[in-house]
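One structure is given below, encoded as structure tokens.
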Amino acid sequence: MTYFASDFQDLDNSGNIENFIRCLELQQSLDLYKYYKQKTFEKMQLKPGDSVLEVGCGTGNDALLLANYVGETGKVTAVDRSQFMLNQAKERAKKSSTKFEFILANTEQLPFPDANFTAARVDRTLQHVAQPQKAIAEMARVVQSNGWVVAFEPDWETLVIGSEQRTTTRALVNFWCDNFPSGWVGRYLFKYFRQAGLTDITVEPITICLTEFELADKILDLSRTVEKISEQGFISQNDLTLWLMTINQCDQAGDFFCAFTAFLVSGKKP
Ligand SMILES: C[S@@+](CC[C@H](N)C(=O)[O-])C[C@H]1O[C@@H](n2cnc3c(N)ncnc32)[C@H](O)[C@@H]1O
């Protein structure tokens, strides 16, 4: 069984990559996600003819959207650690008139010379990377002077779930957060941008609220988190059953609520 918190870091060996693709496509279809993605694109200040880098491109949805900004004379280079994802992205970009390049690479060591791109962007990928500060330093290295580095990453300690069962809820939130290689990356982005020598740094918190259990479960793997905690015996089976029962009642009454905050950070290469 796959787990979104821990298995996005090595999708090609996850055993059920379709599950991750469904999750990404679901998120891409939501207005809240479209809203923040649009903001990240605007922060990059792209113009026709620019050469842009998308780090951790996944299915290639955002690489295709970036093509609209750089146009036929521009270029989009997209990297990911998963060859399967890169193949998906390549397939989707086939019909675009913009030049694309898809490269298998680790965010922590980008295979490009210094100052190679006009701007670079990363979206919900550094949470899955053990050393996100290296990734930001690499993005800063490969961007040209006056170019923008833009990141959007959650901090999973900000996850709130409307349940009266405080102990179980805290255990679930902590388990989810601590199974990411960098579940706290959101709070450190400002520092990483500074350490990478970027200037004019802006930080904008964006909170994503979900009011249906089914949707939250598909994005945040809530049921799977309960299962995993139960397997590991951290919380009693009774408490977990009670948690699920009361959350379901809450959902049926139309009162389900959960939310988390991600940080949109941008910085300029001097
Ligand atoms: C949550 S998905 C986000 C995909 C895309 N940015 C989006 O917003 O839909 C994370 C992506 O990062 C990739 N990834 C994880 N660790 C990576 C690493 N160390 N280097 C490059 N890509 C990585 C995964 O293969 C996956 O495609």
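The values are calculated or read from the model by the stated rules, or taken from the named source; none is laboratory data. Just so we're clear, the structure is a prediction, and the values are computed from it rather than from any experiment. Cβ atoms come from the backbone with ideal geometry, glycine included; neighbour counts cover every protein chain shown. These accessible areas exclude ligands, DNA and RNA; they are computed on the full protein's heavy atoms, side chains included. Shrake-Rupley method; radii C 1.70, N 1.55, O 1.52, S 1.80 Å.
Note on N13 and T202: their simple-model spin labels are 4.1 nm apart, each label 7 Å out from Cα toward Cβ. Computed with the Debye formula from one identical point scatterer per Cα of region 1-145, without solvent, the log10 of I(q)/I(0) at q = 0.09, 0.12, 0.16, 0.18 Å⁻¹ comes to -0.25, -0.46, -0.84, -1.08.
The apolar share of the surface of the chain, taken as the fraction of accessible area on carbon and sulfur atoms (1.4 Å probe, ligands and nucleic acids excluded), comes to 48 percent.
Compared with the direct C-alpha span, the chain from E227 to Q144 gains 25.2 nm at full extension, assuming 0.36 nm per residue. In the chain, once you exclude exposed trypsin sites (Lys or Arg not before Pro) (DSSP loop, at most 16 other Cβ within 10 angstrom), what's the longest stretch remaining? The reported range is 96-270. FRET efficiency for the K47 to A259 pair, using the beta carbon distance and R₀ = 30 Å, is estimated at 0.25. Nearest 5 is fine: what % of DSSP beta bridges in the chain come out antiparallel, could you say? Counting DSSP beta bridges with both partners in the chain, the antiparallel share is about 50 percent.
Surface analysis of region 25-169 yields an accessible area of 43 Å² per residue, using protein heavy atoms and a 1.4 Å probe. Cross-link reach is defined here as a Cα-Cα straight distance under 16 Å, omitting same-chain residues fewer than 8 places apart; for K75 the lysines meeting it are K47, K90, K94, K95, K99. Spin-label pair Q38-F234: with each label point 7 Å from Cα along the Cα-Cβ axis, the two points sit 3.7 nm from one another.
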